[in-house]
Structures are given as C-alpha cells and as structure tokens.
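Heads up: the structure comes next, in structure tokens.
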Amino acid sequence: MSYTAAANRKNPALIIYLLDCSGSMATQDVKLNDGSTETRMNVVLKAFEESVIRMIQLSTKGTVISPRYRLAVYAYTSDVQDVFGGIKTIDQVAQIGLPTLTAQTQTNTEAAFLRAEELLRAELPKLSVGVPAPLICHMTDGEVNMGGDASIVAQRIMRMNVPDGNVLIENIFVSPSAQLLRDTAIDAKSWPGISSPTELINDYAKRLFEMSSAVPDSYRSMMLEMGYKGLQLGARMMFAGNDYPLIKMAFAMSTATPVR
Amino acid sequence: MQRSILTSDQSCETQLQRYSLGDTLLRYVYARSAESQSYHQLGQDYFKVAWGESSSHQPKIVFALCDGVGSSFMGHLGAQLVGDDLCEKLWSRALNPSPPKTSAQLIQRLTLYLIQFRSISQETIQNHALPSNLPVLTRRALDNQREYGSEAMFVCGMLLNQGWFFAWLGDARLQVLDEQFAPVNGFIQQPDTRCRWSSKVGPRGDIQSMIFRGDDVKRIKHILAFSDGLASIETPLAQLSDETISTSIASLETSPASDDISLLHFILSNR
C-alpha cells in the first residue's frame, strides 16, 4: 500500500464527494478571514470549487484539460442526489460547471456511504495496476438523524482495495471548533492535524475519526507543497472546525493524489 | 560576429539529428509527451543553441535547455521565454565587463539577468490571449495560473575563452563526460526539483553552477543536457547509438507517465 500511483489520463484518480445538504448547512457561522461570517453551505461550495479549479490546473497543458481525475458527487439529506448523474472526468466537469446545492431537511449519512460503496463495487474491478487508490471525501456538519450507522459501511469501504492501496476516506466536520476540539487555536498552514481521538471532545467527531484513513505519505508531501507545512505523520484524513482556511485545507487534501 | 542558431520546434517531434557546429558535433532530439501529441498541444520543453566563429570577445557556443512546469501558466511559453533570454544574455553580455571568474560570479550575473527579465516576461504572460470560448471554470483556472506566472526549469552553458561555463535551476539534467564516459573532474550534477524560474519572481531557489577550465576542458568529450523525460533511461545516454535513443524514446512515449523529451548532446573534437 504505497499510495504512489500518479493520476494521469490513462490512470485517472477517482474521487467521490459526499456532501451533507441538511437544513443546518444554512447556519451562518463559518468565520472568514476578514472576520465576517458565511453559511456553511456557501463556504463548502466555495472550497469545493477551489478544489475543482486546482484539479483543472493540475490537468491542464496549454488550454487542454487532460482527464486525470474522475469525480462523482453525491449530495445527501434524507435521500441521496447524484449531482453529476454518474462519474464525470475533470474535463467534463469543466464543461458542465458546478452544481448549486441548497440546504434541505435531514441527515442520512449511511445512505450516502451506501451509494459510494455501490459505486466502488462497480468501479474497482475496472481499476488496474497504476491507478491511484480512490478517495471518498465526506463533508458533514452534524449528527445523523436518519438511517443506520454509517461507520459500519465506511469500515467496509476502507477494506476495499486496488494495487495502490485501500480506498481512502476523508471526513470534514464543519461545526464550531470549540464544540469539537480540545485545542481550538488552529492556523491551517501550521496545523499538525488530528492524530488521536483524545484531541476531540465530541462523540460524533470521534466516530468520524475512526472512519478516517491515515494521511498517506504521498498526500502529506503534496500538502506540504501546497503550504500546509505543519501536517504531521500519523495524522488522520479528518478536519474539524468552522474556520474557512481549515475547510479550504480539508478540500485541498481531496486534490492531493500524486500527479504526473 | 555572425552567429548561427538552432531552436526546438515545440509543435512537433524532431527525430534524432546530427549537426556540425564547426569542430563540435551536436546530436539532438525533441519529442512531446504522448498526451500533448494526442491533443495537438505544444511541447513544454524548449532548447536553443547559438554558435559562431571562435573569438576572444564572444562565446563560441551557447545553449539553454528548458522544461516548462506543467501546473504553471502555459509552461511551453515560460520555457521559451527563459531559454531565449538566457542565450541572449550569455551571448551578448558574457564579457560584460569581463568573463565570470568563479561559479559564484556566474550565478550572481544570471540571477540578476533573470530578475531584470521579470518585467518583460510577466508582461508577455499577462498579454497572452486565451481562446474566447473557454468554459468558465477553465478560464478561472488559467487566470489563477496566470497570476502565479509561468515557470520553467533550465540548464544552460557556454564555451568562452577555452572555458566551459554551466548553470542550472531545478530538474534539468547536465552531464560532462570524458572519452571513457566518466564524469570530468568527478562532476555529478545534483538537480533540485523544488527550484524553478518564474516569470513573476525570477529564480525560485538558487541557481547552481559549474565551470571547467584548463586541463579539465581538454578532457571533456561529451556534454549532455536533457529534460527529466529521459531520466528513466538507465544506460548513460552518451553511450547510446542514435538508433537506440530513438527506440528508447518511442518506448517512453507509450508509458502512461510519458513526458516531454529533449536532448542536446555535444561531442567535442578534443583537438
């Protein structure tokens, strides 16, 4: 399990986004750099857009976009919406544009992970040697109020593998830092990441920690290149807080598959 | 003094060629990555060689080989800009006020040239027109890149007053070998992938340099400058026949990680 396979047009990286669109995502409590606040949904969409733009940049030579990435986006509330209608390559996403999502009612996280599992079962047999391990990037702002235990599905997914390594799961928990973390003094550029559940004070955050893969060395190297110099070896692919720089960092990690 | 110039054509492949620069033979090759070929895109490598009559006033040979950084704005353009500028400055200002005496002096001059060049290079980048029909996300991605600038790694060299002067920034390769293909004076280049030239900043990281003079110059038989697209070939390139190099390049082009390839191989007469 090296996680060293580089994304290129013959071996594109598969990234599956699971985005919580429950009603609480309309809460206007995300702190921006200038001290103002914005809704969780708007900030997540902005960070997601920046990630897609970065993937386009990493895939562009001249003005042509190479299909180095394949994206699937599932927005979930009480049910799951397949935003792009299946997997789209990054050049197709550039043509289609990004979705406008609106905050709705409930939170059924298990349903979202089941859709991701279903997609992976169909895709994994097609992924040969040289293809980067797929990544699920899950963003949520709170506890489940519908469906079953998503962590059981997540553990199954984390046991799925390709030659490059097991499927990776990243979790982004958007909620006031003081309710999640012991140490809330976070500067994204020097933040070491979360390496132990004891750093968390919220039970749901602890469960998300257990559903999060360890950051592979290759991803950590890419993050260091992007300026996130503090990320420690052994940190999990988990982010918790409601500062925009941290959310931006979290989505940046979803673009940290090695590229060639 | 009249000079002759040879440049790579970034729009197509150039099979391995041999060209006589007076008493020096040049082997060169240029190939775009498989991806650039399939999408009819310009290659992001670039080289330029200039040469003329032997003179105490100007270099006899000058070259630059550059590898545009893919994730920067129009890497092909950055490679060409810095390659042309390096050759021009080395040709016209190498003796101004006198030839560099030490590596440190050469580095200092090149650093200054490249910092001075920023205003021209960044203006070129800012004025580079994009197609009007680009999708919104693509345009935003390219505009962000444009703000950051275009980047390239390079290796350059010149033969001046019986001395060979070399400099490099980033992962552009250089080998200086004797008749038995051994490194002259034990010189093994240490490329650093973190360093590059930027149209916006000038050098990002420190330029490295090596100067050969006196008996060392007489021992030099092969000078090779090449991009990292050829780095995976294990047999030393200087020892490979034209046919083997061509076959190896054709094989590299079938790799999923196929990269642009450029090679300048100077074979000196050691008169």
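What's the total accessible area buried between chains A and B, using a 1.4 Å probe, rounded to the nearest 100 Å²?
Looking at A and B, the buried total is near 2200 Å².
Rank these residues by their accessible area, most exposed first, probe 1.4 Å: A:Arg40, A:Arg207, A:Arg70.
A:Arg207, A:Arg70, A:Arg40
I need the phi-derived Karplus couplings for the stretch B:89-94: 6.51 cos²θ - 1.76 cosθ + 1.60, θ = phi - 60°, integer Hz, Gly and Pro marked x.
With coefficients 6.51, -1.76 and 1.60, one gets 5, 5, 5, 8, 10, 4 Hz.
Over the stretch B:144-192, consider all pairs of different Cα atoms and compute the Kirkwood hydrodynamic radius from their mean reciprocal separation; express it in Å, one decimal.
Evaluated over the stretch B:144-192, this radius sits at 13.0 Å.
Quick one: what are the phi-derived ³J(HN,Hα) couplings along the stretch B:159-166, Karplus 6.51/-1.76/1.60 with θ = phi - 60°, whole Hz, x for glycine and proline?
Each residue of the stretch B:159-166 in turn: 9, 9, 6, 6, x, 9, 10, 10 Hz.
Under a straight-distance cross-link criterion of Cα-Cα below 29 Å, which lysines are reachable from A:Lys229, leaving out those fewer than 8 residues away in the same chain?
A:Lys31, A:Lys46, A:Lys61, A:Lys189, A:Lys206, A:Lys248, B:Lys200
Could you point to the residue in A:Thr27, A:Ser190, A:Ala240 farthest towards the positive end of chain A's charge dipole, with +1 and -1 charges on the Cβ of Lys/Arg and Asp/Glu respectively?
A:Ser190
Between A:Asp79 and A:Met226, how high is the FRET efficiency from 1/(1 + (r/R0)^6) when r is the Cβ-Cβ distance and R₀ = 35 Å? Nearest 0.05.
0.50
Report the net charge of residues surrounding A:Gly35, where surrounding means a beta-carbon distance below 15 angstrom and charges are Lys +1, Arg +1, Asp -1, Glu -1.
After counting each charged neighbour, the total is -3.
By what distance, in whole Å, do the Cα atoms of the stretch B:17-94 stretch along each of the three principal axes, largest value first?
Extents along the principal axes: 45, 27, 13 Å.
Provide the packing ranking of B:179-189, A:233-243, i.e. peptides ordered by the mean count of other C-beta atoms within 10 Å per residue, highest first.
Answer by packing, highest mean first, reads A:233-243, B:179-189.
From the P(r) of chain A, could you give the percentage of C-alpha pairs in the tail past 26 Å?
34
State the dimensionless ratio Rg/Rh of the stretch A:116-260 (Rg: radius of gyration of Cα atoms; Rh: Kirkwood radius).
That ratio is 0.96, to two decimals.
May I ask you to list the aspartates and glutamates whose Cα is less than 14 Å away from that of B:Lys218, ignoring any residue fewer than eight positions away on the same chain?
B:Asp23, B:Asp178, B:Glu179
Using the Cα gyration tensor of the stretch A:134-212, with a ≥ b ≥ c the square roots of its eigenvalues, what is the shape: rounded (a/c below 1.5), prolate (a/b larger than b/c) or oblate (neither)?
oblate
Would you kindly work out the equivalent ellipsoid of the stretch B:1-155 from its C-alpha gyration tensor and give its semi-axes, the square roots of five times the eigenvalues, largest first in whole Å?
Over the Cα atoms of the stretch B:1-155, the semi-axes work out to 31, 21, 11 Å.
So who's got an amide H within less than 5 Å of the one on A:Tyr17, skipping anything under 5 residues away but keeping other chains? H placed 1.01 Å off N, in plane.
A:Ala72, A:Val73, A:Tyr74, A:Cys137
Can you check what the Kirkwood hydrodynamic radius comes to for the stretch A:1-149, Cα pairs only, in Å to one decimal?
Evaluated on the stretch A:1-149, it is 16.4 Å.
Using the Cα centre as the reference, give the magnitude of the dipole from point charges on the C-beta atoms of the stretch B:156-271 (Lys, Arg: +1; Asp, Glu: -1; all else neutral), rounded to the nearest 20 debye.
Using Cβ point charges on Lys, Arg, Asp and Glu, the stretch B:156-271 gives about 540 debye.
Kindly sort B:Tyr148, A:Tyr244 by accessible area of their heavy atoms, largest first, with the probe set to 1.4 Å.
B:Tyr148, A:Tyr244
What would the Debye equation give as log₁₀ I(q)/I(0) for chain B at q = 0.11, 0.12 Å⁻¹, counting only Cα atoms as equal point scatterers?
Computed log10 I(q)/I(0) values: -0.59, -0.70.
Could you work out how far the C-alpha centroid of the stretch A:30-74 sits from that of the stretch B:53-95, in angstrom?
37
Viscosity 0.692 mPa s, temperature 37 °C: what is the translational diffusion coefficient of the protein assembly as shown from Stokes-Einstein with a Kirkwood Rh over Cα pairs, rounded to a whole number of µm²/s?
The Stokes-Einstein estimate is 130 µm²/s.
Under the √(5λ) rule applied to the eigenvalues of the Cα gyration tensor, what semi-axes describe the equivalent ellipsoid of the stretch B:112-159? Give them in Å, descending.
28, 12, 9
Please give the solvent-accessible surface of B:Cys195 in Å², to the nearest 10, using a probe radius of 1.4 Å with every protein chain present.
Surface open to solvent at B:Cys195 totals about 20 Å².
Using R₀ = 30 Å, calculate the FRET efficiency as 1/(1 + (r/R₀)^6) where r is the Cβ-Cβ separation of B:Gln239 and B:Ala104; round to 0.05.
0.35
Using Stokes-Einstein with the Kirkwood hydrodynamic radius over Cα pairs, what translational diffusion coefficient do you get for the stretch B:76-201 at 4 °C and a viscosity of 1.567 mPa s, in µm²/s rounded to a whole number?
D = 79 µm²/s.
The values are calculated or read from the model by the stated rules, or taken from the named source; none is laboratory data. This structure is a prediction, so every number in the text was calculated from the model and none was measured. Don't worry about glycine lacking a Cβ; one is built from the backbone with ideal geometry, like all the others, and counts go over all protein chains shown. The accessibility values were calculated without ligands, DNA or RNA, using every heavy atom of the protein model including side chains. Shrake-Rupley method; radii C 1.70, N 1.55, O 1.52, S 1.80 Å.
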